[in-house]
Amino acid sequence: MGHLNNRRVLLAVCGGIAAYKSAELVRKLQDSGAEVRVIMTRGAQEFITPLTLQALSGNTVHHSLLDEEAERGMGHIELARWADLMLIAPATADCMARLAAGRADDLLTTVALATSAPMLLAPAMNQQMWKDLATQANLATLVERGMHFAGPDSGEQACGDIGPGRMLDPVAIAESAASLFKSGALAGQRVVITAGPTREPLDPVRYISNHSSGKMGYALARAAIDAGASVQLVSGPVALAVPDRVNCHSVGTAQEMLDVCMTLLEDCDIFIGCAAVADYRPLSACEQKIKKSSQEMSLQLTRNPDILASVTSHIAKPFSVGFAAETENLREHALGKLERKGLNMIVANDVSDSSIGFNSENNAALLLWREAEGNGELNVEQCSKDVLAGIIISKIAHLRRA
Ligand code: CTP
């Protein structure tokens with residue numbers, strides 16, 4: 001698996017002889033882990049059939065701005081939003097000219113204007129057309145606007161000329177596409193993350209829970225996806241949108257969370273226990289609503305299973321990361337949990353500071369880990385939960401490589 005894991009590549013094919021190489025390009029992009037959708041210009045369809053690219057990409061090929069059927073399925077604006085990368089290969093001289101002019105007279109140019117995704121062009125044309133001042137001026141304009149170019153290659157051309165203008169090899173184009181994304185640090189890794197609180201029912205209308213918002217776990221899910229992992233999020237009840245491309249399993253109680261985690265363990269390389277799991281639950285939940293009676297009332301609680309400890313003692317033990325919320329002796333308590341729960345790494349929070357941790361946008365943490373040469377640690381000053389999540393994921397990737 002390459003660095004295009006989880007990336008959505010919108011491949012736009014223009015009408016040039018190199019269009020026949022698009023079939024191989026679809027495959028190479030998929031081999032690198034990308035999901036591929038294809039747009040074809042009218043000219044492209046003279047060189048290769050939409051059916052070929054549809055069969056290879058596994059998705060309907062889009063070719064007309066005015067096709068009601070296609071617009072009903074995934075319209076041009078949705079396509080533009082869907083893409084993490086718009087790749088135009090082959091990009092003809094005419095395509096470059098129309099992009100430079102900001103035209104929106106067909107599906108390709110319209111989507112190009114409508115997308116905020118990075119754009120990569122793999123030009124292909126006759127060497128003299130490439131060298132022409134008009135094409136070179138268009139190239140300069142497109143580069144200035146932030147578009148990326150892969151190629152063209154130099155050599156013998158279909159028309160018999162020799163010079164620059166051949167479309168780059170599909171493998172090199174796929175590599176060039178991958179290089180536009182920051183990190184593939186967890187490419188191919190399967191990550192399970194628990195997040196949010198659990199709810200332990202007392203009766204049909206009441207429960208015991210905590211203030212966990214789930215923000216840290218969801219930020220970790222996004223960071224892991226960005227690093228190329230596939231992510232299963234096991235989430236207690238929270239008011240957050242499930243991040244793109246993350247598989248979310250919604251649960252209520254600690255027991256439900258444990259059950260789901262155990263089923264996911266067979267396909268898990270990295271487990272991150274970020275949920276604020278209720279340590280205790282009511283000994284028995286009443287079937288009917290509890291009515292008020294005497295002045296005082298006691299609840300009898302019983303211990304919940306420890307999800308992290310169950311994961312680390314499982315035969316398929318993945319690389320395991322836990323969290324520790326402490327109000328005192330942060331390092332000492334966290335190190336104790338690292339050892340006791342058989343973790344590879346622990347993220348310790350000082351929750352006595354109300355500006356960080358539960359429900360806040362920011363966090364600060366002490367990362368402690370075990371490695372061959374002993375324990376390591378990293379103190380992360382207060383930052384957004386997204387930034388902290390990125391640091392945690394990079395550290396995990398680093399430790400995994402080591
Ligand atoms: N955890 C878990 N299952 C539980 C309780 C906790 O998986 N039943 C996980 C949490 O997701 C977190 C870590 O264990 O990663 C926290 O450990 P824990 O010992 O529960 O720490 P605290 O909640 O801080 O509890 P205490 O300090 O009371 O031991």
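The values are calculated or read from the model by the stated rules, or taken from the named source; none is laboratory data. From a predicted model like this one, the values you see are computed outputs, not experimental measurements. Cβ placement follows ideal geometry from the backbone for every residue including glycine, while neighbour counts extend to all protein chains displayed. Only protein heavy atoms, including side chains, enter the accessible area calculation; ligands, DNA and RNA are left aside. Shrake-Rupley method; radii C 1.70, N 1.55, O 1.52, S 1.80 Å.
Out of Q288, A325, P305, whose Cα points farthest toward the positive end of the dipole of segment 276-326 (charges: +1 Lys, Arg; -1 Asp, Glu; placed on Cβ)?
Of the options given, the answer is Q288.
What base-10 log of the normalised intensity I(q)/I(0) is obtained for segment 102-191 from the Debye formula, alpha carbons as equal point scatterers, at q = 0.12, 0.15 Å⁻¹?
Here the Debye-derived log intensity ratios amount to -0.49, -0.72.
Among G376, L180, I162, which residue has its Cα furthest toward the positive end of the charge dipole of the chain, with +1 on Lys/Arg Cβ and -1 on Asp/Glu Cβ?
Projecting each Cα onto the dipole axis, the largest value belongs to G376.
Not counting the cut sites, what is the longest span of the chain without GluC sites (Glu not before Pro) that DSSP labels loop and that have at most 16 other Cβ atoms within 10 Å? Before the final figure, lay out the partial values.
Working: sites that count: E287, E296, E328, E361, E373.
Here the longest run is 1-286.
Suppose all protein chains stay in the model; what accessible area per residue would a 1.4 Å probe give for the chain, in Å²?
Details: 19240 Å² over 402 residues.
For the chain, the solvent-accessible area averages 48 Å² per residue.
Taking a cut-off of 18 Å, what percent of all Cα-Cα pairs in segment 70-126 are separated by more than that?
32 percent
Go through K289/K337; K28/K317; K341/K395; K291/K337 and tell me which ones have a Cα-Cα distance over 29 Å in this structure. Spell out each step's value before the answer.
On the way: K289/K337 38 Å; K28/K317 33 Å; K341/K395 19 Å; K291/K337 40 Å.
In this structure, K289/K337; K28/K317; K291/K337 lie more than 29 Å apart at Cα.
What whole number of Å gives the distance from the Cα centroid of segment 346-399 to the Cα centroid of segment 1-80?
Centre-to-centre (Cα) distance: 41 Å.
Would you work out which of V205, A402, F271 lies farthest towards the positive end of the dipole of the chain? Charges go on Cβ: Lys and Arg +1, Asp and Glu -1.
V205
Each residue of segment 299-313 in order: what ³J(HN,Hα) in whole Hz does its phi give by Karplus 6.51 cos²θ - 1.76 cosθ + 1.60, θ = phi - 60°, with x for Gly and Pro?
For segment 299-313, the Karplus-derived couplings read 10, 9, 10, 10, 5, 7, x, 8, 5, 4, 5, 5, 5, 6, 9 Hz, x marking Gly and Pro.
Any idea how far apart C383 and T49 come out in nm if each label point goes 7 Å out from Cα toward Cβ?
My value for the distance between the label points is 5.3 nm.
Jot down the per residue volume, in cubic angstrom and as a whole number, of the convex hull over the alpha-carbon atoms of segment 8-179.
Measuring per residue, one finds 97 Å³ for the Cα hull of segment 8-179.
Exactly which trypsin sites (Lys or Arg not before Pro) in segment 57-165 are in a DSSP loop and have at most 15 other Cβ atoms within 10 Å?
R103, R145
Students often get this wrong: which residues of segment 1-36 have the backbone nitrogen under 20 Å from the point 7 angstrom along Cα-to-C-beta of T141?
Counting backbone N atoms under 20 Å from the label point, the list is 14-15.
For segment 8-179, which whole percent of the accessible surface, found with a 1.4 angstrom probe, sits on carbon and sulfur atoms?
Carbon with sulfur: 50 percent of the solvent-accessible area.
Hey, how many Å between the Cα centroid of segment 131-198 and the Cα centroid of segment 215-248?
One Cα centre to the other: 28 Å.
Hey, got the dipole for segment 310-400? About the Cα centre, +1 on K and R Cβ, -1 on D and E Cβ, debye to the nearest 20?
Dipole magnitude for segment 310-400 comes out near 500 debye.
Dipole magnitude of the chain about its Cα centre, charges +1 at Lys/Arg Cβ and -1 at Asp/Glu Cβ only, in debye to the nearest 20?
Using only the charged Cβ atoms, the result is roughly 480 debye.
Taking every DSSP beta bridge that has both residues in segment 8-179, what percent is antiparallel when rounded to the nearest 5?
Values: 4 of 21 bridges.
Roughly 20 percent of the beta bridges in segment 8-179 run antiparallel, per DSSP.
Note down the net charge around D67, summing +1 for each Lys or Arg and -1 for each Asp or Glu among other residues with Cβ under 14 Å from its Cβ.
Working: positive: R42, R72; negative: E68, E69, E71, E78, D106.
The answer is -3.
What does the net charge come to around W130 if you take all other residues with beta carbon closer than 15 Å to its beta carbon, with K and R at +1 and D and E at -1?
On the way: positive: K131, R166; negative: D94, D132, D153, E156, D161.
Within the 15 Å Cβ shell, the charges total -3.
By the scheme Lys and Arg +1, Asp and Glu -1, what is the net charge of all other residues having a beta-carbon under 11 Å from that of S213?
For residues surrounding S213, the net value is +1.
Ordered by residue, what ³J(HN,Hα) values in Hz, to whole numbers, does segment 184-189 give under the Karplus form 6.51 cos²θ - 1.76 cosθ + 1.60, where θ = phi - 60° and Gly and Pro are x?
Residue by residue, segment 184-189 yields x, 4, 10, 3, x, 7 Hz.
What list of ³J(HN,Hα) values in whole Hz, one per residue of segment 333-345 in order, does the Karplus curve 6.51 cos²θ - 1.76 cosθ + 1.60 (θ = phi - 60°) give from phi, with Gly and Pro shown as x?
Values per residue, Gly and Pro as x: 5, 5, 4, x, 5, 4, 6, 4, 8, x, 8, 8, 7 Hz.
On the first, second and third principal axes, largest extent first, how far apart are the outermost C-alpha atoms of the chain in Å?
That gives 92, 53, 39 Å along the principal axes, largest extent first.
Kindly work out what percent of the DSSP beta bridges joining two residues of the chain are antiparallel, to the nearest 5.
Numbers: 23 of 65 bridges.
The antiparallel proportion sits near 35 percent.
How much mean residue ellipticity at 222 nm does the chain get from its helices, if each DSSP H run of length 4 or more adds -39500 (n - 2.57) and you divide by all residues, to the nearest 500 deg cm²/dmol?
-9500 deg cm²/dmol
Using Cα atoms only, what is the angle between the long axis of helix 385-401 and the major principal axis of the chain, expressed in degrees (0 to 90) to the nearest 10?
Once rounded, one gets 80 degrees.
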